[in-house]
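No lab work stands behind these numbers, since they all come straight from the coordinates. Only a predicted model underlies this, so the values are computations on that prediction, with no experimental measurement involved. Backbone-built Cβ (ideal geometry, glycine too); neighbour counts: all protein chains shown.
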Amino acid sequence: MKLFDLDWLDFYQRLAVWDRLTLNTRQVLAQLKSNKAVNVRGFGDDLQRLADARFVTVYGDGQRAKLHKECLDFARAIRAMCRHDILDQPDAAVLHGYILDHFTRAEQSALSTDGRSYHGSAHDLTRDAMSVGWLNDFLSLDNLAQAQEWESLREPDRYYYRGDSKGLILNSSEALTATQSIIRQFMSSTEPVLFKDTPVRFKHLSLPHLAAATYAGIRYLLLFPSMRRDDMTPMIGLWPTIPQRLHRPKAKQPKSVTPDQTFHCAYLMEDMTTVLVGASGEPPRVRSTDQALFAKAREQLESNLMSVPEWLTQIEGCAPGDRVQAAVEFLRGFGFIETRGTHGKDLRLEPTTEARDWLGMSSRDRLKSILDRLKPDQSQDQRAGLPANHSNLPGDFGCDIGSVEDAARFARDMLVLAELDDEDDDDYDYDTPFTSYGCDPHFAFLPRAVNCGIDLARDLDIPAALIDTYGSLARRRFVQFSHFVEYHMQQANPLLIRRQGAKPLKLNIGWSWRKPTDEEAEDLWGQLLVDFFRRRLLPLGGVQVGLRGRAGALCISLTDVGRYLLDLARDFEYGNCNDQQGRIVVQPNFDIVFLSPAPLAEATIARFADRKANGTGTLFKITKTSIFTAASCNMTASQVLDTLRDLCAKAVPSNVTREVRDWFDQCGRVAIKTALLIQCPNAQIATRVLAAGGKKLTPISDTVVELADRKFKAPLVKKLKETGVFVDQSSQPAIPKPKRRRRRRQW
Amino acid sequence: MNHNSENPLIVQGDHTVLVEVDSPRYEEARDHLARFAELVKSPEHVHTYRITPLSVWNGSAAGMPAQQIQSVLNEYAKYDVPGHVLTEIHDFASRYGRLKLHRGGDVLRLEAADAPLAEEIWRSEEARKYLESRDGALSFHILPLNRGRLKQALVKIGWPIEDLAGYVDGEALDVALRDATGEGLPFSLRPYQWEAVNVFYAGGEATGGSGVITLPCGAGKTVVGLGVMARTSTSTLILVTNTSAVRQWIREILDKTNLRPDQVGEYTGQSKDIRPVTVSTYQILTYRRSRQEEFVHFGLFDSRDWGLIIYDEVHLLPAPVFQLTADIQARRRLGLTATLVREDGREDDVFALIGPKKYDVPWKVMENQGWIATAVCTEVRVRLPDELRMGYAVTDQRRKFRFASENPAKLAVLRRVLDRHRDEQTLIIGTYVDHLRAIADELHAPVLTGQTSNVQRERHYDDFRAGRLRTLVVSKVANFAIDLPDAAVAIQVSGTFGSRQEEAQRLGRLLRPKPGTNQAHFYTLVTRETLEQDFALKRQLFLTEQGYAYEILDENDLNHPRLAECGTGFKPAVRLASGT
């Protein structure tokens, strides 16, 4: 214990003098270091009061002052309270700083229930100390013996204390009772109290008992002293989030609401389409180092994305840059694009043959093909190789997880990867324990972020729980998303239910497996719900989202697409843009004008027209190049024209129709292959060559013959020689030797 | 976001305004919008306008304050008008009228509305050199010689001058419009032409007397010019695009005014007559022997005491003429054009030196009243004969366009189109003279090229106008300002690559009102799957953006019985826009 191992009785006694000081003098005093003299001008009229109360010693003709040696502890406590912003920012990072500041390494480890060395805010100690369970554990001590056992376990030199109560704080029943009583009183209140008010507040305790209880509470992270900055008043209370949780209103079933604006679109699928169409026209270049898109290529793709309402982009993952990244990763994951080109020189993303087939599908079928690969039943097929009683992990982690050890190893691997990704930020994982360890999407029902951190070896079926939770949303009925999440975190949380059940739930947090606190279980389930919404339901059109009220509350309603993804429906409708008809006009100059926003139609048209803008106005122009790109993606003229007819109330201008057809008619596919040409001096020799080669040879002209299969060259040369036709060796092409790649030096 | 689907306007953040033509409030919105926004393109369903500082100043000059512009936008917009657009319109408009130019005896005085503005222009490098001295905190002394250049410089830094310094009267000339033309047909200005004349003249006040009148092709801009001449009754210099247009102006002047031939002179390459009314070309004015030498014909401006200068097709005004115009700001200046949009972006010079837009009549009004013809544009795609395909394939890129343009298969298609319009006056227009001659020989029609003498040209034009010639084959010489009012059909067999200006000018030949259906047909014969088709697409885009209906047909479609039954035609014309 570095700082709070002090005489709290003395602290309480000096508080009355502290209270009489002006704010300025308190601030000056709080900055005084024990061995440093300062000019007394800052003390003003309080100087005499400070000297009388033996806070400072004045010397040097009354011009300088320094802390009085009897007041060093008090000043140290005041300075320490000022160091940590517990009242305004009661999060794990602040608590982590507080613990590092006030406890020795041995004390930190002893306070940790598992006894392992303390290493960060994600550690059990930080999370435990922020939980109600931590307090209840202490309050459950019934007698002195239990208390001393409890305390000795939390002392660094625990063996020394065993059987010896002299060094312990809870060394009497009165001390235990006093400490428990003030903890209980703090739990019944929502706010911390002023230090100076505690003697009145706990008047049933004598000041020495109160001081002892205060010391015990602080020593075992039950109570936290802090400083109210406005008036430099010392406060004491529980960790601020605990009373908030204890006194929060009970979450109710979310009510049905009517949003002011709504949006529904499987924008991830549309973005994948846009990226793929873009890649068909001009394959975007990627960096050799990490295979990420070059900024210019990414910006180009971003500018072509379908527009979504401004309020939607506030949701994490909906910003254009994130959308392009997600689309590219999904396309990669689904095998629709692959990196081709020369490493280190000209790497680019090019669509595969499967991609062309996929692009040729209707928007509904394209979406269905994605959903089918993400649906939970599909994921079960993927894990078919694993024993049934092992993991419930629905998806492909890229490693075989069949046991707790495997899962832990996997989590550690992920952690290492994350640390390598962000070397400058050592606390990355500690600060964000439930967020993704990597940014790449997980091509299964559960996104990777959702999977990490849950005890994979236990039989908690997370997908089923998510299906139950989101499946509880009524069709075509909006609820406020925050209410929905809040309710399911508190009242219908499968992790909490499991935690309180027979088989304890364990979480993989940081480096360790542990039983989560209630707060963690709530946070985790909330995060799972939000992650699943953000990474699956929203981008794949599984929910219709809305915005309600001036404050802009996000509302959601489960769609048929969502029900299909959750395996609650056999089929779904998507891409019916009829409701947007009449808002879109195709002009004779090939401009496509949107008279009102129609995102779904935008996404559809983006497949065969060049984007010019977003929102409303002239958003697209049909050009020869855009039609050629569409044709390269296996689209047909009828598909394009039918789409335009479906979307536009007015007839498509005849010149546009005609031109689009003509452009499609100009398209065709060719194959490029390598062949050998045999040049003959005259037609008669060419006939003999053909006779020798048989079906392997094809006449190109009277004197030129093609040999497509290079393997047949040697037998053909031999046969020709036998028939008196000799191959001029000098005319044979030299076979290029493969370039030897210079090996990069490894350091 | 508020949404009123009945309203036609979508005002966008980049100052463009989309106008939905099918909206019930379209016409009223367009009439308001045309006063302070420039029409950029007008394809079938949605037109695009652009609000610029110049367009707002034009609106301000026509008496439309910022509040009125803002209320028009708010009233007709489908969605809320972006706040910054309204603010900027207010800002643009607030700049007009804060600098005024007055005459004080022999000198000119520029007055600023406030001290900061006066200080700004006094410290401006561009304007400072034209300010002779500072008379006071808000007033500057200007030499008359610098009047135009100062206006030009200040427009470029965003401060238009309201020029109230007035004009010299010029040499008096008795000009009056006739009641009947030379042929005895009754003649008077149409209502909108009178209105344009009166708005320009402004009762002889300093607020009028200079500016631009925009009217669509075929709406009678020449006649408006004659009306202004009659109203100002002063010696007039008329600048036009080419010699044929000079002759046409002279013919119109003699036909419709009381001026005698000896009062009207032609100042061209062939003739250098300077008379009380002189018609000249931009080319002759900008002629010089070498780049280092002076423009030898600039003296024309000082050769008489001109009271009025008319600039025909002001959007084509060449740069040197701007310099010249800057020196003659004391004379009344009338610009005539179908569009204020210049390819070189020098609209600000037109505004500063010729004057603001004074009058703009909605084309729909004129079309409804039958003052201009409607036109249908048809592109007929012709196959390149098989025996020529290899020749085309191996021709170098530079010659491919000509190769495709001179496709001999076009002749047969041409005959079929002519057959379809056998009772109508038809122009066959092309670029390559040899090809045109071959066509003319086949059709036994006269051909008119740059090598044809002016006398012979006029004879052919006269024959065509009189109906003695049904078909006339013309080269590029007929692109500009030739009035062949009875031409109802034009067949373009080749064009100058993707020249949009040429396409518009050629189509413009057809837009004089027609008896009967008042409909014109403009055909373009294009060789399929060649470079010519790519260039034709550019021209096609331009025409559709100007509001013309556009049809693409295959050569075989011309034989289609359904089409044959329709007589002349194809789908009825949709309309004609107020474009070029």
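Here is how the numbers come out for the structure above:
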item: Cα convex hull volume per residue for region B:398-451 (Å³); result: 86 Å³
item: Net +/- balance of residues flanking B:S494 in space, Cβ distance below 15 Å, scoring K and R +1, D and E -1; result: +4
item: Equivalent ellipsoid, region A:579-665 (semi-axes from 5 times Cα gyration tensor eigenvalues, Å); result: 19, 13, 11
item: Approximate shape of region B:408-484 as ellipsoid semi-axes (Cα gyration tensor, √5λ), whole Å, largest first; result: 19, 16, 10
item: Unsatisfied cross-links (Cα-Cα over 21 Å) in the set B:K100/B:K151; A:K612/B:K156; B:K357/B:K538; B:K151/B:K357; B:K129/B:K358; result: A:K612/B:K156; B:K357/B:K538; B:K129/B:K358
item: Ranked packing of B:49-56, B:146-153, B:170-177, most packed first, by mean Cβ within 10 Å; result: B:146-153, B:49-56, B:170-177
item: Ordering of B:122-130, A:274-282 by packing [mean C-beta count within 10 Å, highest first]; result: A:274-282, B:122-130
item: Cα-centred dipole magnitude for the protein assembly as shown, charges only on beta-carbon of K, R (+1) and D, E (-1), debye, nearest 20; result: 2680 debye
item: Enclosed volume per residue, in Å³, of the convex hull spanned by Cα atoms of region A:676-731; result: 71 Å³
item: Shielding by partners, peptide A:588-599 (average Cβ within 10 angstrom, other chains); result: 6
item: Chain B, dipole about Cα centre (Lys/Arg Cβ +1, Asp/Glu Cβ -1), debye to the nearest 20; result: 940 debye
item: Theoretical ellipticity at 222 nm over the protein assembly as shown - DSSP helices of four or more residues, -39500 (n - 2.57) apiece, nearest 500; result: -11500 deg cm²/dmol
item: Label-point gap, in nm, between A:L72 and A:R476 - each point 7 angstrom along Cα→Cβ; result: 7.8 nm
item: Semi-axis lengths (Å, descending) of the ellipsoid that matches the C-alpha gyration tensor of region B:9-95; result: 19, 13, 12
item: Helix axis angle, B:410-420 relative to chain B longest principal axis, alpha carbon, degrees; result: 80 degrees
item: Dipole-positive endmost among A:P284, A:F294, A:T214 within region A:201-318 (Cβ charges, Cα centre); result: A:T214
item: Three-way shape call for region B:100-159 based on the alpha-carbon gyration tensor, with the a/c threshold at 1.5; result: oblate
item: Cβ-based exposure ranking for B:H45, B:H102, in which fewest neighbours within 10 Å come first; result: B:H102, B:H45
item: Kirkwood hydrodynamic radius of chain B, Cα pairs, Å; result: 25.5 Å
item: Summed residue charge, Cβ within 15 Å of A:S173's Cβ, Lys/Arg positive, Asp/Glu negative; result: -4
item: Sum of side-chain charges, B:T278 neighbourhood, beta-carbon under 13 Å (Lys, Arg +1; Asp, Glu -1); result: -3
item: Cα-based shape type of region A:8-246, given that a ≥ b ≥ c are square roots of the gyration tensor eigenvalues and the cut on a/c is 1.5; result: prolate
item: Dipole of the protein assembly as shown, positive direction: furthest Cα of B:Y96, B:G345, B:H460, with charges on the beta-carbon; result: B:H460
item: Residues A:K296, A:K250, sorted so that the one with the fewest Cβ neighbours within 10 Å comes first; result: A:K250, A:K296
item: In degrees, nearest ten, helix B:83-95 long axis to first principal axis of chain B (Cα); result: 60 degrees
item: Between region B:172-224 and region A:294-365, the Cα center-to-center distance that results, in Å; result: 61 Å
item: Residue exposure sequence - B:E293, A:E299, B:E38 - by fewest surrounding Cβ within 10 Å; result: B:E293, A:E299, B:E38
item: Alpha-carbon Debye profile of the protein assembly as shown, log10 I(q)/I(0) at 0.05 Å⁻¹; result: -0.63
item: Förster radius 51 Å - calculated FRET efficiency between B:S303 and B:R437, Cβ distance, rounded to 0.05; result: 0.80
